[in-house]
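Below is one structure, written out as structure tokens; comments come after it.
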Amino acid sequence: MSKGDSHKRRSERRAPPQKILIVDDNSTNLYLLKALLEGHGLSVTMAGNGKEALDQARRNPPDLIVTDILMPVMDGYALCRAWKADERLRHIPLLFYTATYTDPKDEAFALDLGADRFIVKPQEPDVMMGLINEVLDEARVPERATAIPLGEEMQYFRQYNEVLFKKLEKKMADLEEANQKLKLMEDLYRLSFENISETVFLIDSDLNILSVSPSVEKILGYKPQDFIGRPVSCLSHILSDETYARAMEDASLVLKGETIPETIYRAVAADGTEKNCEVSGAPMKRDGRIVGIISVARDVSDRLRAQENVRKSEKRYRELYDFLPIPVYEMDLEGNIIAANSAIYELFGGSESDLEKGFNVWRTLSPADRDKSLGNMQMLLKGRKVSGTEYVLTRIDGSVFPAIVISSVIYSDGKPAGLRGAIIDISERRKQEEELRRMNMFLDSIIENIPDMIFIKDAAELRFVRINRAGEELIGLTRENLLGKNDYDFFPKEQADFFTGKDRDVLCNGKLIDIPEERIQTGKGERILHTKKLPILNEKGEAEYLLGISEDITDRKQAEEALRESEIKFKDLSEKSNVGIYLIQDGLFRYVNATFAGIFGYEIDEMTNLLGPKDVVLPEDMLQVEENLQKRLSGAVKSVHYEFRILTKQRSVRRVEVLSSATIYKGMPAAIGTLLDITDRKQARRTTEGKRR
């Protein structure tokens, strides 16, 4: 009999389908595993973390649980430990399925906790189903031996912390590396995509436009959002019929894997002008599969027009005006423009016809700039050198822009005949300078208002070159008394040696250093700081400055110490108390003392974070308990005092008396209270009253 026949007969014998609970915080992983299991005739329920899975299983136990390890709220290891500690669930096999915890120590720890299998992702479907069926078959064996889970509390936490910290360290290292690479790629992509002069189209395999670079507006007058999310057919109204047909044919070839070289497409811009665009296309691939098209288009209208002008114009016009990337012109001694390149028209918003009608350079200048220009012209004619001069120029439409003009004298027969000049539009530079100034002010404002001390030292002598207001207040000196000095000017030599040593470590290693605690003497007395230091590198990758950020954690440390002492006192009082003490949050006992656990017949670790009122209160009294709990948590009442009945671990009914009030535990609402077993007292009272009757 083949393995397939055996599996088929085994599947036919299972009716109804066996229930599998799968646990993973990744919805894609859940979906894929659910599809696999249901495809093999199994009934599947899902949970996003260990706590959710534990709650589901207690309400409706499955035949098998398959769980990931790295999850929020409650991870797989904690789930396994709670699972194997629960009398109702421990016989149900638990299978780990993980792609993160792959070290042999991870597997050994999982098996020590009582897991039935430890499987590393990914697995072939047949292999995975074979392992699941194997575990299900083993579970059907009567009185099968179950693994004894790791029992000693300190042993569990020691191994758990070792596994968890090792994994977190790797995760943090991987995340930091990935974030650095991602940021670099994002910066490069953004700078490239936003600043290229060509227009880039990204098109998916269904010929829908995914993305268009901002330069499309400069070329065609349309905004990127006019195209993004629409089919390629939307381009038909801006392309000639012949060009559109060619474009669709080229797209078909690219999706088959071909690369289309530069081809001239004719397009109509938003203002009705015709554009000649040079377009190339190539397949866009992911994992070796063609998923779309990347197309690059550049406006070559000016280039084609220039080529036509070159064929018709004189050599001087060709060489001087259409081959230079910046606006250039020639003028006579009266200021009349006698020749100009096309960039001039773009810059001033005019056309060649304006030049033919007559255009005088003085009309583009204000009266003050006109006098400055005439003075420069006189110096040039006298043979003196004049550097580039900044002017405010006026376009034909009346708008103005800043520019730098560079001029030289044109000679004819050895005599000055006019000037030849080039114009550099510095509008963008001015905007960038203003933006830089605004950004510096913004950053200065942030730095000055951050409550932590921020300081910068030069790398050579570790002297303070900047410190914010919080630093002044912390150290107790003004920045005028701090800047230009080093740690030896303010602190004892031993402490200054410590600070300087850490600074040198940062500068030599080129990496951030985190100092969790350092004590310094300040104007406020001794303070405890949490400091981070990192190098600031120049363009050569050399450390030029050291940046430090220090958080004053004195108050927090003092509060933590006070809290620790308070907790010790509370624990000592609680452990010695003959009254049951408990704390409830999110429906679970987050803390119980030995007296409280003993009343219910449990050990402390059997109740803490595993059981709640619903597990131990008699069902008939549960509504009363829930109402009183809600009153405390909502703030409707400060405290409640009432009686109800409980069901102990040994299934005996006891009557208890509770005095409870609301509190805050780990930043969230909780209920804290005391509990007394009054069963005997009640019984004695009933006996006494019976005798009286």
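The values are calculated or read from the model by the stated rules, or taken from the named source; none is laboratory data. What you are looking at is a predicted structure, and each value in this text was computed from that prediction instead of being measured. No Cβ is skipped: glycine too gets one built from the backbone with ideal geometry, and neighbour counts run over all protein chains shown. Ligands, DNA and RNA are stripped out before the accessible areas are found, and what is left, the full protein with its side chains, is counted by its heavy atoms. Shrake-Rupley method; radii C 1.70, N 1.55, O 1.52, S 1.80 Å.
Test Ile337 against the stated conditions and say whether it is assigned to a strand (DSSP E or B), at pLDDT below 85 and touching a Leu at 6+ places or on another chain (Cβ under 9 Å). Yes; evaluated as a whole, the condition is true for this residue. Look at segment 598-619 and say how many of its residues are farther than 23 Å from Gly50 by Cβ and hydrophobic (A, V, I, L, M, F, W, C). Residues that pass the stated criteria total 4. Would segment 666-679 turn up any residue that is at negative phi, free of Cβ contacts under 8 Å to residues at least 60 places away in the same chain and surrounded by 14 or more Cβ atoms within 10 Å (Cβ to Cβ)? Yes - at least one qualifying residue is present in segment 666-679.
For every residue, the table says whether it meets (1) exposed (fewer than 15 other Cβ atoms within 10 Å of the Cβ); (2) assigned to a loop (DSSP other than H, G, I, E, B); (3) at pLDDT 85 or above; (4) at negative phi.
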residue	(1), (2), (3), (4)
Leu191	yes, no, no, yes
Ile203	no, no, yes, yes
Arg246	no, no, yes, yes
Ala251	no, no, yes, yes
Val254	no, no, yes, yes
Glu258	yes, yes, yes, yes
Pro261	yes, no, yes, yes
Ile264	yes, no, yes, yes
Gly272	yes, yes, yes, no
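In this structure, does Val658 turn out to be within 44 Å of the chain's Cα centre (by Cα), surrounded by 17 or more Cβ atoms within 10 Å (Cβ to Cβ), aliphatic (A, V, I, L, M) and more than 19 Å from Arg59 (Cα to Cα)? Considered against the rule, which asks whether it is within 44 Å of the chain's Cα centre (by Cα), surrounded by 17 or more Cβ atoms within 10 Å (Cβ to Cβ), aliphatic (A, V, I, L, M) and more than 19 Å from Arg59 (Cα to Cα), Val658 comes out as no.
The residues of segment 502-517 that are open to solvent by 30 Å² or more (accessible area, probe 1.4 Å) and over 14 Å from Ala543 (Cα atoms), listed by number, are Lys502, Ile513, Asp514, Pro516, Glu517. Within segment 375-420, the set of residues being loosely packed, with under 12 Cβ neighbours inside 10 Å and among the polar types (S, T, N, Q) comprises Gln378, Ser387, Ser399, Ser412.
Inspection of segment 465-476 identifies no residue that is modelled with pLDDT under 85, part of a helix (DSSP H, G or I), surrounded by fewer than 15 Cβ atoms within 10 Å (Cβ to Cβ) and among the charged types (D, E, K, R). Selection of segment 68-81 for residues being assigned to a helix (DSSP H, G or I) and open to solvent by 10 Å² or more (accessible area, probe 1.4 Å) yields Ala78, Arg81. Taking each residue of segment 426-448 that is without any contact (Cβ under 8 Å) to a residue 60 or more places away in the chain and looking for partners that are assigned to a helix (DSSP H, G or I) and of a type in the set (A, V, I, L, M, F, W, C) with beta-carbon atoms closer than 9 Å, six or more apart or interchain, yields Glu448/Ala470. Does segment 36-44 contain any residue that is open to solvent by 30 Å² or more (accessible area, probe 1.4 Å), within 26 Å of Asn609 (Cα to Cα) and not in a loop (DSSP other than H, G, I, E, B)? Scanning segment 36-44, I find no residue that is open to solvent by 30 Å² or more (accessible area, probe 1.4 Å), within 26 Å of Asn609 (Cα to Cα) and not in a loop (DSSP other than H, G, I, E, B), so the answer is no. Among residues of segment 359-386 that are without any contact (Cβ under 8 Å) to a residue 12 or more places away in the chain, those with a Cβ under 6 angstrom from a residue that is part of a helix (DSSP H, G or I), sequence gap 6+ or separate chain, pair up as Arg370/Trp362.
Remark: pairs (first residue in segment 596-624, under 18 Å from Tyr642 (Cβ atoms); second residue open to solvent by less than 20 Å² (accessible area, probe 1.4 Å) and among the hydroxyl-bearing types (Ser, Thr, Tyr); Cβ separation under 6 Å; 6+ apart in sequence or on different chains) = Phe596/Tyr582; Phe600/Thr648.
The set of residues in segment 513-545 being modelled with pLDDT under 85 and aromatic (Phe, Trp, Tyr) is empty. In segment 255-273, the residues that are among the charged types (D, E, K, R) form Cβ pairs under 9 Å with partners that are in a strand (DSSP E or B) and open to solvent by 80 Å² or more (accessible area, probe 1.4 Å), at six or more places apart or across chains, as follows: Arg266/Glu274. Which ones in segment 421-452 are open to solvent by 60 Å² or more (accessible area, probe 1.4 Å), out of contact with any helix residue (DSSP H, G or I) (no Cβ under 8 Å at 6 or more places or on another chain) and not in a helix (DSSP H, G or I)? Listed by number, the list holds a single entry, Ile424.
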